[in-house]
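Comments concern the structure below.
No lab work stands behind these numbers, since they all come straight from the coordinates. If you're wondering where the values come from, they're calculated on a predicted model, not measured in any experiment. Cβ atoms come from the backbone with ideal geometry, glycine included; neighbour counts cover every protein chain shown.
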Amino acid sequence: MRILIVGAGIGGLTAALALLRDGHAVEVYEQAPQLAELGAGVQISANGARVLFCLGLEPMIRAAWCEPAGKEIRLWNTGETWKLFDLGAESVARYGAPYFMIHRADLHGVLIDAVRALKADAIRLDARCTGFEDDGERVTLHLANGTRIEGDAVVGADGVHSRIRNILAGEDRAEFTGCMAWRGLVPAAKLPAHMRRPVGVNWVGPGGHVVNYFLRGGAIFNFVGIVERDWRIESWTEKGSREDCAADFAGWHEDIHAIIRNIDQPYKWALLGRAPLPRFSRGRATLIGDAAHPTLPMLAQGANMAIEDGLVLARCIAAYSGVETAFAHYDAARVERTAKLVRGANEAAKRFHNPALADAAGARAYVDTEWSEARTKQRYDWIFTYDATRVAV
Ligand SMILES: Cc1cc2nc3c(=O)[nH]c(=O)nc-3n(C[C@H](O)[C@H](O)[C@H](O)COP(=O)(O)OP(=O)(O)OC[C@H]3O[C@@H](n4cnc5c(N)ncnc54)[C@H](O)[C@@H]3O)c2cc1C
């Protein structure tokens, strides 16, 4: 089949790779004139790692990743610390695959190289899609430069502002969720020695939280600080100042301020969401990743879900003749899981930012209950154990 993918993000490229490996003629249309994935780190849990490894990417990923020994919860003001879960060998033993942190640019680069190794000209740049038509037999993709491309199917992997989604499911818009994210990288050598530990940390506090972990074998440190405040610009390149970032975390632990003081350049990012869809496909078109189910990053699963989508979509296309039948099976496999994940991330936001975390005594009781081993397992096991390479389609 000739499959036209719109968007060369993590989701679009994973789908492209899986479909190329199955022998399809795949083209990826990307609006950006250059493939320069920006941003900072991304956490890939066992469910995502399993897919990337199954696509043959393990050696390249291992060369670029950082594998933490575990994750911790820390309290915003006192720094009190609780174990969230063990990772490393424990993740492999429990879930069959590792949990790792990687710079988005590195993961993106690995996917681009793998796609191009199978088809050198698969990724078409400076190719903004403005719409498509589906006559029941073929699809025609429209590009902003006037080009029309015919294919058998369209996959919208065009992110939270998806044009394909608007055509397929109506003109709803991505809405501001009430949270904005500060993001930045710190050279590890600039951190105080006691912070150079191989663990990922979720700092929780009233009205905000911080996630930090190492990247590139421990050479750089990733900071994501999310606060409930107004900021509507969603862009990887919108710069902020260290002073403004520090002001948003006034009263937080000195470790947080040690990070912020050493960030090379802080960036600001509005977190947007869209109402969940009852289905992702119509006719010969479908959606994957943030185009289908944008989610708050509180469970660190947006990219993982996009990766799972890509492989499950390819498996459905391999298993069924007829695009519409394949897409119906893709919807059946993916709509419920991703909606549950979006709801789970919304719930996690309430937990991470809970007013009960304001004073230390109340916070201790709250953390002991909400992040007990049993509750943590219940919250994460269904996510990490999912096997997109085998799940029934
Ligand atoms: C602060 C923060 C932290 C996060 N942390 C994690 C994490 O730890 N783990 C995790 O799994 N996820 C995380 N995520 C989520 C993750 O980044 C996204 O879910 C993921 O990148 C979505 O991938 P995608 O391919 O669906 O979309 P995108 O990465 O948005 O890619 C869409 C692509 O489509 C292109 N495009 C858009 N419109 C058009 C058009 N009309 N024509 C052609 N091309 C077009 C864009 O240029 C872009 O290249 C985080 C997100 C945020 C904001």
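Filtered by the rule that a residue be in a loop (DSSP other than H, G, I, E, B), closer than 15 Å to ALA15 by Cβ and either near the ligand (Cβ under 10 Å from one of its atoms) or of a type in the set (Gly, Ala, Ser) (or both), segment 141-174 gives ALA157, ASP158, GLY159, SER162.
Looking at segment 1-79, the strands (runs of 3 or more DSSP E) lying wholly inside it that each contain 3 or more residues that are within 19 Å of GLN301 (Cβ to Cβ) and more than 8 Å from the ligand (Cβ to nearest atom) sit at 70-75.
Scan segment 212-244 for residues that are part of a loop (DSSP other than H, G, I, E, B) and either closer than 18 Å to ALA349 by Cβ or under 20 Å from the mean Cα position of the chain (by Cα) (or both) and jot them down. Once the filter is applied, which keeps residues that are part of a loop (DSSP other than H, G, I, E, B) and either closer than 18 Å to ALA349 by Cβ or under 20 Å from the mean Cα position of the chain (by Cα) (or both), segment 212-244 yields GLU228, ARG229, ASP230, TRP231, ARG232, ILE233, GLU234, SER235, TRP236, THR237, GLU238. Among the residues of segment 182-211, those identified as under 23 Å from VAL367 (Cα atoms) and not in a loop (DSSP other than H, G, I, E, B) are MET195, VAL199, GLY200, VAL201, ASN202, TRP203, VAL204, GLY205, GLY208, HIS209, VAL210, VAL211. Just name the residue that is surrounded by the fewest Cβ atoms within 10 Å (Cβ to Cβ) out of those in segment 88-106 that are in contact with a Ser or Thr (Cβ under 9 Å, 6 or more places away or on another chain) and not polar (S, T, N, Q). Checked segment 88-106; the qualifying residue surrounded by the fewest Cβ atoms within 10 Å (Cβ to Cβ) is GLY96. In segment 350-393, the qualifying residues are those that are more than 30 Å from THR14 (Cβ to Cβ) and among the charged types (D, E, K, R), and the one that is nearest to the chain's Cα centre (by Cα) is LYS350.
Within segment 275-306, the set of residues being touching a strand residue (DSSP E or B) at 6+ places or on another chain (Cβ under 7 Å) and assigned to a loop (DSSP other than H, G, I, E, B) comprises PHE280, GLY283, ARG284, ILE288, PRO294, LEU296, ALA300. Of the candidates GLY225, GLY240, GLY208, the single residue that is small (Gly, Ala, Ser), surrounded by 15 or more Cβ atoms within 10 Å (Cβ to Cβ) and closer than 14 Å to ALA40 by Cα is GLY225. Among the residues of segment 270-291, those identified as touching an Asp or Glu at 6+ places or on another chain (Cβ under 7 Å), crowded, with 20+ Cβ neighbours inside 10 Å and under 21 Å from GLY344 (Cβ atoms) are GLY273, ARG274, PHE280, ILE288, GLY289, ALA291.
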